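Worksheet: one structure, shown below.
The values are calculated or read from the model by the stated rules, or taken from the named source; none is laboratory data. Because the structure is a prediction, the values reported are computed rather than measured. FYI the Cβ positions are ideal-geometry reconstructions off the backbone, even for glycines, and counts take in every protein chain you see.
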Ligand code: SF4
């Protein structure tokens, strides 16, 4: 018979930045059912991951005790291992023994090479309190500036901050209901933000017009008034042509530009070469459609602009986003109901982790590391062994490890052994480290290289706050206890800090939140009791417990937005005779990043059980391949083997792969080149060859 529900607990879904609240129903310490709760972002809705992805919480592979690498087991033994295979590399340890070993290794590296030989890699999957405490440990405890997290692999906000002074959306997703036009660049929300997409579709069905910029087809295509299926990597040309057209035709918002925008004349000169005809040739679209779409956006009563990883995950991603922002600013489509800029974020707590300062280039609250007065605030607050300077980003940390500059690494919740570009380079870095401590909920590919493994509680098993893509800070309480000896990340970080000599014995979730809210300007007015009572609140607060869904004009940088000079830099590795395809990577609706959680869900695994190389049917004919045939996909970095799937939504000439499958890891193939502004790697364009295995 069916088990009777014994308890029900509420949490926030960990699988994307929409921040859906979910109720987990349990029987006998087993979760048997999840349903959408009435949260501020989802109003009862859940997607397939939120509904069926919860089984990871009680999966047999969960790390339930601290582990220490067995003597004589070299680190490279871990290459290619995951899950239970990893466990043989380690012996169980007590918390005291494991934390002592972790701290001893970090102290040893610091004594030999200095604090800057240590690096810390966090995650956007944890809570705000985890993120704040981890960056504080790095800077004030380790004495290293090298602190970053996985948001670096998709960062889409820096160009927004550069333009507006804001490192958060100017308008939340729900403002789409007030928009009559939406411009969406490089985003497939039905795959990556499904509940947000469901609200978007509601607006689109009610008459909001959609201009979609995406090389591939997607489920929102059928709602699009214009779908520009541009050649990969040509976003800047298209958006520049639209900008040029509205300027030349006098369709832009002259008053807004005169009063609120800097950099207009430079932009006018920069976009001058991009006539609709030139852009049409570069992008492979129709020039007349460029004019029609530009006219539609500029003439809208209110238009919202969204962008996603398709825009940002390029070595020229910042310029893609700058071009979209410039078009919106020139048209005055910012700062009113239904008008605004919205980078659709990746992981559940990207916004909160960045606000908390889990970044190498900003202190908490985006305070400037190059400003002595800002640094003094933290020197006064934290004391200790401070490192307040610009640090290395994710990929740069691993480059530095390979070069023998970084010797010790603390990884909290990240899985670089599958998530980083050019995995062979990442593996070489991991093998060469003197000391590696990994804190996670599962024995991931990265855990296999660790000296010490610290078992963490999952998000649903802890207390704290998270901040979604819409700037809503939500309080979370444990929906169920952690398994075995697993502990919340903030608690492990605290206990490690105490062993490194920091006086943090009394640190609690509440004390971390209150300290963070005191130094992060956007959290002004936030207090633990407020969140404990209300459950959630959107920043910026406007008085007692209320908030404004729009960042108003007053939040623009110095009252004026800045249009940054943008460049249409070329791609690094164009297809050629040996590698004639373009490799693009992405995500599926059913799986989440490196799959460590979603691939442990029987339902999600049944829906999407294996990696596939997606190719246009015409390309399969050209290669004399049929659906399911095994192929080798090769780039200059490596090769993987997997079956092909005919997919008419994929642009001809492109091979598309999801990043979530260790069996054919897409990042064996990707290229480590970084965007100079965002330091995001190129995940969407490199040359590849496809042939029958
Ligand atoms: Fe979870 Fe995102 Fe799906 Fe909501 S839309 S249920 S937050 S994965």
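For the range 19-33, the count of residues that are assigned to a loop (DSSP other than H, G, I, E, B) and within 13 Å of the ligand (Cβ to nearest atom) is at least one.
If I ask for residues that are in a helix (DSSP H, G or I), under 15 Å from residue 328 (Cβ atoms) and in contact with a helix residue (DSSP H, G or I) (Cβ under 8 Å, 6 or more places away or on another chain), which ones from the range 175-200 would you list? Passing the criteria: only 176. If only residues of the range 443-461 that are crowded, with 24+ Cβ neighbours inside 10 Å and out of contact with any strand residue (DSSP E or B) (no Cβ under 7 Å at 6 or more places or on another chain) are counted, the one that is farthest from residue 417 (Cα to Cα) is 458. Considering the range 52-63, and only residues there that are touching a residue at least 40 places away in the same chain (Cβ under 8 Å) and surrounded by fewer than 24 Cβ atoms within 10 Å (Cβ to Cβ), the residue that is nearest to the ligand (Cβ to nearest atom) turns out to be 52.
In the range 38-49, is there at least one residue being part of a strand (DSSP E or B), within 14 Å of residue 535 (Cβ to Cβ), touching a strand residue (DSSP E or B) at 6+ places or on another chain (Cβ under 9 Å) and more than 12 Å from the ligand (Cβ to nearest atom)? No: zero hits. Could you tell me which numbered condition residue 159 fails, if it satisfies all but one of (1) surrounded by fewer than 24 Cβ atoms within 10 Å (Cβ to Cβ); (2) in a helix (DSSP H, G or I)? The one condition residue 159 does not meet is (1). The helices (runs of 4 or more DSSP H) found wholly in the range 332-420 and carrying at least 1 residues that are buried (at least 24 other Cβ atoms within 10 Å of the Cβ) and in the same structural domain as residue 138 (by TED's automatic domain parsing) occupy 350-355, 394-402, 416-419. Taken together, 116, 124, 103 contain a single residue that is in the same structural domain as residue 495 (by TED's automatic domain parsing) and within 16 Å of the ligand (Cβ to nearest atom), which is 124.
With the condition kept exactly as written, say whether any residue in the range 247-266 is touching a residue at least 12 places away in the same chain (Cβ under 8 Å), more than 29 Å from residue 671 (Cα to Cα) and crowded, with 24+ Cβ neighbours inside 10 Å. The answer is no; no qualifying residue exists. For residue 75, indicate whether it is free of Cβ contacts under 8 Å to residues at least 40 places away in the same chain, closer than 30 Å to residue 435 by Cβ and away from the ligand (no atom under 13 Å from the Cβ). No; evaluated as a whole, the condition is false for this residue. Within the range 477-493, the residues that satisfy the criterion of being at pLDDT 95 or above, surrounded by 23 or more Cβ atoms within 10 Å (Cβ to Cβ) and in contact with a helix residue (DSSP H, G or I) (Cβ under 7 Å, 6 or more places away or on another chain) are 489, 490, 493.
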